[in-house]
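In what follows, a single structure is set out as structure tokens and then discussed.
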Amino acid sequence: MLGAIEAGGTKFVCSVGTEAGEMIERIQILTEFPEKTIPQVIDFFRKYQIDALGIGSFGPLDLNDQSDTYGYITSTPKPGWVNFPFIETMRKAVNVPIAFDTDVNAAVWGEFLFGAGKGLGSCLYMTVGTGIGAGAVVDGKVLHGLSHPEMGHILLRRHPQDEFEGICPYHLDCLEGLAAGPAIAKRWGKEGARLSESHPAWEMEAHYLAQALLQYVFILSPQKMIVGGGVMKQPHILPRIHREMERLSKGFLTLPPLENYVVPPGLGDDSGIVGALMLAKKLLVEKNVKNNM
Ligand code: ADP
Ligand code: ZN
């Protein structure tokens, strides 16, 4: 039995499931201060005897196992969670091996194994929600380097009609600062869900997301790009992104038909939690291989 946590800015999803990715139980807990949220998380896992735990968390995270703050959430704008020792806290509670990665790295792993990226060698998952982030699988492995990618904070060309200064606490007008859900709400004075389909917000949004996706193509050349998150619940946004990518790419690259290349998650809202479960499985498999060597 495996445990999984998808730690998001608004909610935590906790689940237990099998190595085949089948979920046995799952719950949702509101993301409040750690002192309030974490005890509920721990209570959930107390009911089960799990063999490993996979965590996909909002970040940035310290993933360097040589670092003193390994397994911490580091410089998040989320109040109360700066320098939260996630691995250490969970290890004290469950005492099993813990796989720890970003929410989008977990999601891309889930999509790669069971979703829209199934059968491919590479894919990318981007979320457009409270924040923007992306993770990639390259040659069958979740991409890491210095740490994890931060593809939501890239800098873009401004839409000519956009005077909004942006809301990223670090960069103001990076991709996340211009195009995440809260940026839409602040720029237009209304939540995205309440803006009509003909509102100019959507062409601007597509302009930014298309630029970002094109840059991901140029840099990583993934075989598929999967786009999820709350903002993508607008049914007309994905076709707008396809058109804008077409327009901006100027025929430079021969891309597959975009409706098959930039797609919604195959696992719906479950990419992250399924991926976190599968990160736990991967860790167990790696540990077994090591022990048998
Ligand atoms: P989180 O990023 O916290 O995991 P979501 O992916 O659900 O959560 O993203 C929440 C963001 O998505 C909010 O900013 C919200 O305004 C926006 N959002 C949710 N539903 C819609 C919708 N139907 N249309 C546009 N924006 C939406
Ligand atoms: Zn930023």
- Query: Could you list, in sequence order, the residues of the stretch 14-31 that are modelled with pLDDT of 95 or more and open to solvent by 70 Å² or more (accessible area, probe 1.4 Å)?
  - Reply: Ile24, Arg26, Gln28, Leu30
- Item | Selected residue (criterion: nearest to Gly272 (Cα to Cα)) from residues of the stretch 58-105 that are in a strand (DSSP E or B) and among the aliphatic types (A, V, I, L, M) | Ala99
- Item | Single unsatisfied condition, Arg157 versus (1) open to solvent by 80 Å² or more (accessible area, probe 1.4 Å); (2) of a type outside the set (Val, Ile, Thr); (3) within 13 Å of ligand 1 (Cβ to nearest atom) | (3)
- Message: Return the residues of the stretch 27-56 that are in contact (Cβ under 8 Å) with a residue 40 or more places away in the chain and in a strand (DSSP E or B); say none if nothing qualifies.
- Response: Ala52, Leu53, Gly54, Ile55, Gly56
- Note on the structure: With the first residue restricted to the stretch 126-150 and required to be within 22 Å of Pro77 (Cα to Cα), and the second required to be among the polar types (S, T, N, Q), Cβ contacts under 7 Å at 6 or more apart or on different chains are Thr130/Thr10; Gly133/Thr102; Gly133/Thr127; Gly135/Thr102; Gly135/Asn105; Ser147/Asn64; His148/Thr102; His148/Asn105
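If we only count helices (runs of 4 or more DSSP H) wholly inside the stretch 124-239, which ones have 1 or more residues that are touching an Asp or Glu at 6+ places or on another chain (Cβ under 7 Å), aliphatic (A, V, I, L, M) and away from ligand 2 (no atom under 16 Å from the Cβ)?
181-188, 201-220
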- Residue check: is Val231 under 19 Å from His153 (Cα atoms), of a type outside the set (D, E, K, R), surrounded by 14 or more Cβ atoms within 10 Å (Cβ to Cβ) and modelled with pLDDT of 95 or more? yes
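The values are calculated or read from the model by the stated rules, or taken from the named source; none is laboratory data. Computed from a prediction, not measured in an experiment: that's the story for all the values here. In this analysis, Cβ positions are derived from the backbone assuming ideal geometry, glycine residues included, and neighbour counts consider all displayed protein chains. What goes into the accessible areas is simple: the full protein's heavy atoms, side chains included, and nothing from ligands, DNA or RNA. Shrake-Rupley method; radii C 1.70, N 1.55, O 1.52, S 1.80 Å.
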